[in-house]
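Here, each number is a calculation from the coordinates, and none is a lab measurement. This structure is a prediction, so every number in the text was calculated from the model and none was measured. Positions of Cβ are generated from backbone atoms using ideal geometry, with glycine treated the same way; all protein chains shown enter the neighbour counts.
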């Protein structure tokens, strides 16, 4: 009876490890989506900054008054404000994506830790199972 219980325990551990591995695969897929979304947002931010630079550079080159008042187009007061507004618009999204990625990493780590704990339990059960089989064989169970 003890051997059957140990075998059942091993089966439970294997089932739980498989469930955890399946969950990790899902989390890793979500993490890939988070990484891709972050790359997209950063790309859009870079593109927006490049457009603003081009817009202010053209405005600077076409205006003698701006050229007299400022050394370069980046010195125009509105330029810095426009860049800050653009960055702020994307920063919330980038922060949310970073938080999502961190959450996924934490969940993956937790599940990996649980798998390692289960593997340690499995080894203990296998050792106990081996001892019980040996005892049954040596003390009259099977070999008696």
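Compute the angle between helix 2-62 and the longest alpha-carbon principal axis of the chain, please, reported from 0 to 90 degrees and rounded to the nearest 10. For helix 2-62, the angle is close to 10 degrees. Comparing 67, 19, 107, which has the greatest mean-square fluctuation in the GNM of the chain with Cα pairs linked when under 10 Å apart? With Cα springs under 10 Å in the chain, the top fluctuation among 67, 19, 107 is at 67. Rounded to the nearest 0.05, the FRET efficiency derived from the C-beta distance between residue 105 and residue 2 at R0 = 25 Å is 0.05. Once you divide the Cα radius of gyration of region 59-106 by 2.2 N^0.38 Å, the number left is 1.87. Computed over the chain with a Gaussian network model linking Cα atoms closer than 10 Å, the most mobile of 125, 35, 72 is 72. Taking every C-alpha pair closer than 8 Å and separated by at least 6 residues, the mean separation divided by the residue count of the chain gives a relative contact order of 42 percent. Sort out for me the Cα centre separation of region 11-60 from region 65-113, rounded to whole Å. Cα centroid to Cα centroid, the span is 15 Å. How high is the FRET efficiency from residue 69 to residue 89, r the C-beta distance, R0 30 Å, rounded to 0.05? The computed FRET efficiency comes out at 0.60. Using alpha carbons only, how many degrees (0 to 90, rounded to 10) separate the axis of helix 77-138 from the longest principal axis of the chain? It is inclined by approximately 10 degrees.
Using every pair of separate Cα atoms, the Kirkwood estimate puts the hydrodynamic radius of the chain at 20.8 angstrom. An ellipsoid equivalent to region 36-90, defined through the eigenvalues of its Cα gyration tensor, has semi-axes of 27, 11, 6 Å when rounded to whole angstrom and sorted largest first. With an a/c value of 1.5 or above and a/b larger than b/c for the gyration tensor axes a ≥ b ≥ c computed over the alpha-carbon atoms, region 11-69 is described as prolate.
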